[in-house]
Amino acid sequence: MSRIAITRAVAVSALGNSLDMLWSALLAGQSGISEISRFDCQNYISRLGGEIADLSAVTGTSLLDDLRCRVLRQLGPVAPDCRLLVATTKGEIDLLQQSVVAQAELPRSVFFEPLLAKIAKELGLDSAGQNINAACASSTVALARAAAMLEHGAANEVLVFAADLLSEFVFSGFSALQALSPQACRPFDVQRSGLNLGEAGVALLLCREERLEQNGEAPLAWLRGWGSANDANHVTAPARDGWGLILACRQALDKAGLEAQQIAAVNAHGTATVYNDAMELTAFSEIFAGSLPPLHGIKGSIGHCLGAAGALEAAVACLALKEQRIPGTVGCLVAEEVCREAISSSPRAIRGDYLLTTNSGFGGVNAALILERAC
């Protein structure tokens, strides 16, 4: 059976306009969390977020246009028959917000089709594809779907483009849920109190193994396993027993033909909310029989980038496998006891060929990917 390769990965985040800039900043323990300048936060419980400071838009256009162009310029050309999967939870949300404030007609971009059309036109694709909206696991699910399409011969190449903006609309909702932290967030720390929102744009190109030589490309990593499950517990709260995440991870392990002990490291969702982090640690303790491999999360560095989070973390995972090290978990000063040996605020070396990366979201959705180092 043909293996699935990730051949290109590009990103823009609060820690820079490239994936290399992000990776260097993560290894240096830097944080892109700062006071938000894009909108007034005085009525909310936090003023902090992972903002891309120089995003701009002319009147009538979305900040997502600037973000999209920065990402696609780095990506380069793709084949016309490449299939497109977009992962965004809110798309051009700033235009929706402006329309509501002005009491004007809602823009077509509310329904995502214009964003799909823009990407397809810019890249010269035969099809505009579809948007995957699975809350904070959107791009993880999109990568899993891309791999399945390739595996079953429904495509030769698939581009996953993921992006979400840091908007007042979403910020106000998380504030109302009391999910935001007034300080820089602290994933897996005993004193964690909530998350910081962020924003990012990411693109990953996947193809079947036999297409690599034709394209003249080498794999950054292989996507070996994937899984998704819903814990059907609550609209916003995770199931405390972690069984949705456990099932998704076991599906990924089974798909990859691996045992949990073969996983060299875990990139966790790590939002820094009290219940999400506790749920993840419960799930990982079950999956790894209480002996956790090195574990880290990057949301303390760039914030929670919603639909783009999983793709961004998968891109980071490709570099972690290549260099055989994971970044430190910024903000984690005193880790929960169950993960105290597994997690560090400093980068650490790993040994092995496989990395598990997971995401969970509102509505009980959970998704997991297993990446293999490309030797």
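The slack in the chain from residue 56 to residue 176, taken as 0.36 nm per residue of separation less the alpha-carbon distance, amounts to 40.5 nm. For the range 11-80, the alpha carbon positions stretch 47, 38, 16 Å along the principal axes, listed from largest to smallest. Per-residue 3J(HN,Hα) values for the range 46-51, derived from phi via the Karplus relation 6.51 cos²θ - 1.76 cosθ + 1.60 with θ = phi - 60°, read 9, 10, 10, x, x, 8 Hz in sequence order (x marks Gly and Pro).
Annotation for residue 254 and residue 21: the two label points, set 7 Å from Cα along the Cα-Cβ direction, are 4.3 nm apart. As an exercise, use a Förster radius of 41 Å and the Cβ-Cβ distance of residue 106 and residue 274 to find the FRET efficiency, rounded to the nearest 0.05. Once rounded, the FRET efficiency stands at 0.70. Each label was represented as a point 7 Å from its Cα along the Cα-to-Cβ direction; for residue 241 and residue 43 these points are 4.2 nm apart.
Keeping all protein chains in place, calculate the accessible area per residue for the range 244-338 (probe 1.4 angstrom), answer in Å². Each step should come with its number before you reach the end.
Details: 2750 Å² over 95 residues.
Roughly 29 Å² per residue, with all protein chains present.
Charge dipole (Cα centre; +1 on Lys/Arg Cβ, -1 on Asp/Glu Cβ; no other charges) of the chain amounts to roughly 280 debye. Overall form of the range 323-365: oblate. Here a/c, set by the Cα gyration tensor axes a ≥ b ≥ c, is 1.5 or more, and a/b is not larger than b/c.
With both bridge residues required to lie in the chain, what share of the DSSP beta bridges run antiparallel, to the nearest 5%? Before the final figure, lay out each step's value.
Numbers: 41 of 60 bridges.
About 70 percent, rounded to the nearest 5.
Put the Cα centre of the range 115-138 next to the Cα centre of the range 239-276 and the gap is 27 Å.
Per residue of the chain, the DSSP helices (runs of n ≥ 4 H) give a summed -39500 (n - 2.57) that works out to -9500 deg cm²/dmol at 222 nm. Taking square-rooted eigenvalues a ≥ b ≥ c of the alpha carbon gyration tensor, is the range 229-364 rounded, prolate or oblate, where a/c under 1.5 means rounded and, failing that, a/b exceeding b/c means prolate? Rounded is the answer for the range 229-364, as its axis ratio a/c remains below 1.5. The coefficient of translational diffusion for the chain, derived via Stokes-Einstein from the alpha carbon Kirkwood radius under 4 °C and 1.567 mPa s, stands at 64 µm²/s.
Normalise the Cα radius of gyration of the range 297-375 by 2.2 N^0.38 Å (N = residues in it) and let me know the number. It would help to have the intermediate numbers written out before the result.
Working: Rg = 13.1 Å, N = 79, 2.2 N^0.38 = 11.6 Å.
My calculation over the Cα atoms of the range 297-375 gives 1.13.
Calculate, in whole percent, how much of the Cα-Cα pair population of the range 168-220 lies beyond 18 Å.
Details: 786 of 1378 pairs.
In whole percent, the share of Cα-Cα pairs in the range 168-220 beyond 18 Å is 57.
Taking a quarter of the surface of the Cα convex hull of the range 84-129, what do you get in nm²?
Working: hull surface 13.2 nm².
Hull-based average projected area comes out at 3.3 nm².
Using a simple spin-label model with pseudo-atoms 7 Å out from Cα toward Cβ, residue 99 and residue 325 lie 4.8 nm apart. Surface composition of the chain: carbon and sulfur atoms hold 50% of the protein heavy-atom accessible area at a 1.4 Å probe. Show me, bin by bin at 10 Å from 0, the whole-percent P(r) of the range 105-255 based on Cα pairs. Result, from short to long distances: 9, 28, 34, 22, 7, 0 percent. Each peptide among 143-150, 260-267 gets the average number of other Cβ atoms lying within 10 Å of its residues, and from highest to lowest they stand as 143-150, 260-267. The alpha carbon gyration tensor of the range 1-44 gives principal lengths a ≥ b ≥ c with a/c of 1.5 or higher and a/b greater than b/c, which makes the shape prolate. The H on the amide N of residue 197, modeled in the peptide plane, is under 5 Å from the matching H of 50, 304, each at least 5 residues off or on a different chain.
The values are calculated or read from the model by the stated rules, or taken from the named source; none is laboratory data. Values in this document were obtained by computation on a predicted structure and should not be read as measured data. Positions of Cβ are backbone-derived with ideal geometry, glycine not excepted, and every protein chain shown enters the neighbour counts. Heads up: the accessible areas ignore ligands, DNA and RNA and are worked out on the full protein's heavy atoms, side chains in. Shrake-Rupley method; radii C 1.70, N 1.55, O 1.52, S 1.80 Å.
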